[in-house]
Amino acid sequence: KIPVQSRELWNKHKVRKFGTAEEFEEKFISHVEWTLARSLYNCDDLAAYQATSQSVRDNLVIDWNKTQQRQTARDGKKVYYLSLEFLMGRALDNALINMRTDTSSQDVGPTDETLTKGNTAREMIRNAMKDLGFKLEDVLEQEPDAALGNGGLGRLAACFVDSLATGNYPAWGYGLRYQYGIFAQKIIDGYQVETPDYWLNFSNPWEIERSEIQVPINFYGYVHRPESEKTTTSPSDWIGGERVLAMAHDMPIPGFKTPTVNNLRLWSAKPTTEFDFSKFNNGDYKNSVEQQQRAESITAVLYPNDNFDQGKELRLKQQYFWCAASLHDIVRRFKKNKRPWSEFPDAIAIQLNDTHPTLAIVELQRVLVDLEKLDWHKAWDIVTKTFAYTNHTVMQEALEKWPVGLLGHLLPRHLEIIYDINWFFLQSVEKKFPHDMDLLSRVSVIEEGSQERYVRMAFLAIIGSHKVNGVAELHSDLIKSTIFQDFVKVYGANKFTNVTNGITPRRWLKQANPKLAELISETINDPNDDYLLDMSKLTELAKYAEDEAFQKKWNDVKQFNKSRLADLIKRLNNGVDIIDRDHIRNTLFDIQVKRIHEYKRQQLNIFGVINRYLCMKEMLQSGSSIDEVAERYPRKVSIFGGKSAPGYYMAKLIIKLVNSVAEVVNNDAEICDLLKVFFIPDYNVSKAEIITPASDLSEHISTAGTEASGTSNMKFVMNGGLIIGTVDGANVEITREIGEDNIFLFGNLSENVEELRYNHQFQNTSLPEALVKVLNAVESGAFSPQNASEFRPLIDSIKHQGDYYLVSDDFDSYVATQDLVDQVYHKDKKEWLKKSILSVANVGFFSSDRCIEEYAETIWNAEPVKPE
Ligand code: F55
């Protein structure tokens, strides 16, 4: 503690934020010299990125400290978002955009007064950088993505922390600081090759290492119960066998146009300083060091599976390590206030992003019972009032379950607690539904039946939470009628709710699409971009949907973004330009970018492309002119991108097929560049920021009932792209919001999926003619002349293995809908632009700010802490 008489001195030298270009320049240079130990003579773009980031970070840290003080003093309910993935992407541009430009606060910082009118803080920095000899865009490019996630689930967490800060919620994210995020994808001879993601190779200016915050975490060992304590529900000692340290790394999360800067705390594993001296003395120095290195492996790498549970011990270790460290941190902060334990749920809400953090439920129960000596039931009441769980999938293979043996070996005391939680739960079920043994075994946390017994993490998460939500209406209905139906019976339907996903318009509109953002703010007369905080303002755009002058501007922005993407594609294609720039305005950019998964049906897309190509060739063969072909199949670029899990054979084969088709189609002179296919390697957040604004059409074509929500669908709509999609996930609500005239829906509905699958299994179903032609061409080696059978598994899964994803059932409807797309795009541009404008006008619902408000009101009971 600093003595009171010293405070004056502290205040005299209080740190100040930079507010003007000149102050920024001074800061920048001092970071070049002092932080980087470089100089005017060896400051490259990378150094400029680091110095700029350090400077901006200095401003953020001042607000970060104030935010933490304010939130602590105000003592409102704190929200903790536990996610094993935060797919943040780059931080610098986002920080510049979020930098405050309001004049309401006395804090120093870029304000309207220090900026010329209409300029933003970002513009100020751009100009300053220019004066210093750098181009902002080039400097921004130096930043590696923070790619600590697989896909939608991780990106959702990133959008949520952005919206939490923007909404001034006292909220922290907790995750892991993986040394390697999702792998970098290379395409070699058409195949995906994974390489490590060296994101920390050049130091990370956005993280603040908290070497003073180190939490010891135990694994293995055994349980010791004092003689006097007879049952497993009484306080027990867990004697851990292996111990590692969790060290905190904090990332500041700035809100948009607010001084609130929240915290994202990521844990990394370190060895303890306890050295095994017995080994050392025995001369086994090497072995002893290796033991210590084992510790670091816990946070070495992100598991690269999306929607698939691999069940590896190291993954369980990651989960416990992170849950225990986060819980310890949360409990420590709570205890400072000396409030009674019963008030824990009034002070704290913990949201579980999927079942990955379910052990936090068990850990809190352990802390309360074993360490704080609370009565089991009192403790359990606190636990269930604190937690809430978000489900992101109904697919069996993605639902986590851990072998009882594995869990009990790694966490012996936790397994006991899980058994007891289950025991009390089953008793309550038995009371409500006496003698229903089937029900009991169906809802038990322990799955029995096979040789192995498993802990069902989703069931444990439901039992330990007061609310369970799905991520889109259709999905939230589906979890109630399928995987969790017995729990609806047990708890009633009110425990289950829906919060439809959203995305942050700061990154996905303002940052990714500055031209569109500018056109919008000018059109709706909102020079300060307030619409980014209140997206209902976008409805103003509807007035101009049919205004020709406005349509032209709108189209110009789209063309600009398409050129930007064409440049990227050229660069990724070793400088070879496959897109005819003279015709870019009349080339439909058709994009599907997301993780590669059979349920997302990139195979349906590429089969559609093959069909188009075959039809074009057939027309030419039967004597049609190229103009006639172009009339029927106008210009189109079909763009794919996304990573496959490294061990997912079918997904990797789909990537190879796309690249093989591209090879043939792009080099077929006969079709005169009317059709092009490109697979964008290493799809990630920063590439998404270029890709998303450039779509005319994007594909969200999952088998109905399989995609919980989807969030890229929202991103594309927010950028004026139209959607071709199935009636699945959030597509349903997108349709409701933007109007069914403005979306191209096709395919079977989720309620028919079961029957269709049944028919494939037990009926003789025939394939549509067009699909047969496509499959025959693939089978004949048209796209793999060296190895005709290369794509057999993709064909067999449709022809001979029951077509689980219903490609054949939706094929004709997909092709017909693509034809309709061509019609509107090429024959009625005005109609197309009208649809595009109306889509953006009505996309407001999908701002993640709206989601966070819903979570705060209906699940957390938390309120913003507004800065004065
Ligand atoms: C990762 C690891 C495991 Cl073990 C399971 C799932 C995942 C994962 O990445 N899931 C995921 O991304 N799910 C997606 O979540 C999005 C956000 O809610 C949804 O929009 C999307 O539909 C869903 O697939």
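The values are calculated or read from the model by the stated rules, or taken from the named source; none is laboratory data. Predicted, not measured: the structure shown is a model, and the values here were computed from it. Cβ atoms come from the backbone with ideal geometry, glycine included; neighbour counts cover every protein chain shown.
Being away from the ligand (no atom under 11 Å from the Cβ), in a helix (DSSP H, G or I) and aliphatic (A, V, I, L, M) is the filter here; which residues of segment 682-716 pass it? Passing the criteria: Val685, Ala688, Ile690, Ile691, Ala694. Taking segment 553-606 as the range and being within 16 Å of the ligand (Cβ to nearest atom) and among the basic types (Lys, Arg) as the test, the residues that pass are Lys594, Arg595, Lys600, Arg601. Considering only segment 424-443, I want to know if a residue exists there that is within 16 Å of the ligand (Cβ to nearest atom) and more than 30 Å from Asn731 (Cα to Cα). Scanning segment 424-443 turns up no residue that is within 16 Å of the ligand (Cβ to nearest atom) and more than 30 Å from Asn731 (Cα to Cα).
Among the residues of segment 277-290, are any more than 16 Å from the ligand (Cβ to nearest atom) and of a type in the set (A, V, I, L, M)?
yes
Taking Ser83, is it buried (at least 24 other Cβ atoms within 10 Å of the Cβ), modelled with pLDDT of 95 or more, more than 16 Å from the ligand (Cβ to nearest atom) and among the hydroxyl-bearing types (Ser, Thr, Tyr)? Judged against the criteria, Ser83 is not a match.
All of (1) more than 30 Å from Glu628 (Cα to Cα); (2) in contact with a Ser or Thr (Cβ under 8 Å, 6 or more places away or on another chain); (3) part of a loop (DSSP other than H, G, I, E, B) hold for Gly802 with one exception: (2).
Checked across segment 494-502, the condition of being assigned to a helix (DSSP H, G or I) and either within 22 Å of the chain's Cα centre (by Cα) or buried (at least 23 other Cβ atoms within 10 Å of the Cβ) (or both) holds for no residue. Please count how many residues of segment 23-51 are charged (D, E, K, R), free of Cβ contacts under 8 Å to residues at least 12 places away in the same chain and surrounded by fewer than 16 Cβ atoms within 10 Å (Cβ to Cβ). Going through segment 23-51 one residue at a time, the tally reaches 3. Take the conditions (1) acidic (Asp, Glu); (2) touching a strand residue (DSSP E or B) at 6+ places or on another chain (Cβ under 7 Å); (3) closer than 23 Å to Pro864 by Cα; Asp354 misses just one of them, which is (3). Out of segment 289-300, which residues are more than 24 Å from the chain's Cα centre (by Cα) and crowded, with 18+ Cβ neighbours inside 10 Å? Within segment 289-300, just Ala295 meets the criteria.
Is there a residue in segment 551-573 that is assigned by TED's automatic domain parsing to the domain that holds Leu519, farther than 20 Å from Gln511 by Cβ and not in a helix (DSSP H, G or I)? Checked against the condition, which is being assigned by TED's automatic domain parsing to the domain that holds Leu519, farther than 20 Å from Gln511 by Cβ and not in a helix (DSSP H, G or I), segment 551-573 yields at least one hit.
When the strands (runs of 3 or more DSSP E) confined to segment 183-274 are screened for residues that are under 31 Å from the mean Cα position of the chain (by Cα) and touching a residue at least 40 places away in the same chain (Cβ under 8 Å), those reaching at least 2 such residues are found at 184-188, 191-195, 208-219, 242-254, 261-271.
Yes or no, residue by residue, for (1) over 28 Å from Thr539 (Cβ atoms); (2) small (Gly, Ala, Ser):
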residue: His700; (1), (2): no, no
residue: Asn719; (1), (2): no, no
residue: Gly725; (1), (2): no, yes
residue: Glu733; (1), (2): no, no
residue: Glu740; (1), (2): no, no
residue: Arg757; (1), (2): yes, no
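The listed residues are Asn150, Asn201, Asn168, and the only one of them that is in contact with a Ser or Thr (Cβ under 6 Å, 6 or more places away or on another chain) and either surrounded by fewer than 24 Cβ atoms within 10 Å (Cβ to Cβ) or within 22 Å of Gln511 (Cβ to Cβ) (or both) turns out to be Asn168. Out of segment 497-516, which residues are away from the ligand (no atom under 16 Å from the Cβ) and hydrophobic (A, V, I, L, M, F, W, C)? If the condition is that a residue be away from the ligand (no atom under 16 Å from the Cβ) and hydrophobic (A, V, I, L, M, F, W, C), then Leu509, Ala512, Leu516 are the ones that fit. Within segment 456-479, residues that are within 15 Å of Thr711 (Cα to Cα) reach partners that are acidic (Asp, Glu) and surrounded by fewer than 24 Cβ atoms within 10 Å (Cβ to Cβ) with beta carbons closer than 7 Å, at six or more positions or on different chains, in the pairs Ala472/Glu733; Glu473/Glu733. Once segment 301-329 is narrowed to residues that are within 11 Å of the ligand (Cβ to nearest atom) and of a type in the set (Asp, Glu), the residue that is surrounded by the fewest Cβ atoms within 10 Å (Cβ to Cβ) is Asp309. I'm trying to understand the selection: among the residues of segment 143-190, which are more than 13 Å from the ligand (Cβ to nearest atom), within 13 Å of Ile503 (Cβ to Cβ) and of a type in the set (Gly, Ala, Ser)? Hit for segment 143-190 is Ser163, nothing else. Could you please let me know if Glu546 is modelled with pLDDT of 95 or more, within 19 Å of Asp93 (Cβ to Cβ) and of a type in the set (Asp, Glu)? Against the criterion (modelled with pLDDT of 95 or more, within 19 Å of Asp93 (Cβ to Cβ) and of a type in the set (Asp, Glu)), Glu546 does not qualify.
One residue alone among Val367, Val362 is over 30 Å from Tyr599 (Cβ atoms) and either touching a Ser or Thr at 6+ places or on another chain (Cβ under 6 Å) or surrounded by fewer than 19 Cβ atoms within 10 Å (Cβ to Cβ) (or both), and that residue is Val367.
Residue-wise test of (1) of a type in the set (D, E, K, R); (2) closer than 28 Å to Ser702 by Cβ; (3) within 16 Å of the ligand (Cβ to nearest atom); (4) touching a residue at least 12 places away in the same chain (Cβ under 8 Å).
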{"residue": "Leu368", "(1), (2), (3), (4)": "no, no, no, yes"}
{"residue": "Lys373", "(1), (2), (3), (4)": "yes, no, no, yes"}
{"residue": "Trp376", "(1), (2), (3), (4)": "no, no, no, yes"}
{"residue": "His392", "(1), (2), (3), (4)": "no, yes, yes, yes"}
{"residue": "Val404", "(1), (2), (3), (4)": "no, no, no, yes"}
{"residue": "His409", "(1), (2), (3), (4)": "no, no, no, yes"}
{"residue": "Glu416", "(1), (2), (3), (4)": "yes, no, no, yes"}
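Arg595 meets the conditions (1) surrounded by fewer than 21 Cβ atoms within 10 Å (Cβ to Cβ); (2) part of a loop (DSSP other than H, G, I, E, B) in every case but one. The failed one is (1). Take the residues in segment 451-479 that are within 23 Å of the chain's Cα centre (by Cα) and small (Gly, Ala, Ser); name whichever of them is farthest from the ligand (Cβ to nearest atom). Applying the filter and picking the extreme gives Ser465.
Within segment 148-197, the only residue that satisfies the criterion of being acidic (Asp, Glu) and assigned by TED's automatic domain parsing to the domain that holds Asp306 is Asp162. Here Pro226 does not qualify as within 25 Å of Arg366 (Cβ to Cβ), at pLDDT 95 or above and surrounded by fewer than 15 Cβ atoms within 10 Å (Cβ to Cβ).
Scanning segment 644-681 for residues that are part of a loop (DSSP other than H, G, I, E, B) and among the hydroxyl-bearing types (Ser, Thr, Tyr) yields Ser644, Tyr648.
Here's the yes/no breakdown for (1) of a type in the set (D, E, K, R); (2) part of a loop (DSSP other than H, G, I, E, B); (3) not assigned by TED's automatic domain parsing to the domain that holds Ala841:
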| position | (1), (2), (3) |
| --- | --- |
| Asp741 | yes, no, no |
| Leu745 | no, no, no |
| Asn748 | no, yes, no |
| His760 | no, no, no |
| Thr765 | no, yes, no |
| Ala770 | no, no, no |
| Ala777 | no, no, no |
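Might you check whether a residue that is of a type in the set (Lys, Arg), in contact with a helix residue (DSSP H, G or I) (Cβ under 8 Å, 6 or more places away or on another chain) and within 16 Å of the ligand (Cβ to nearest atom) occurs anywhere in segment 339-353? Steps first, please.
The first filter runs over segment 339-353 and keeps only residues of a type in the set (Lys, Arg), leaving 339.
Subset that is in contact with a helix residue (DSSP H, G or I) (Cβ under 8 Å, 6 or more places away or on another chain): 339.
Narrowing further to those that are within 16 Å of the ligand (Cβ to nearest atom): none.
Scanning segment 339-353 turns up no residue that is of a type in the set (Lys, Arg), in contact with a helix residue (DSSP H, G or I) (Cβ under 8 Å, 6 or more places away or on another chain) and within 16 Å of the ligand (Cβ to nearest atom).
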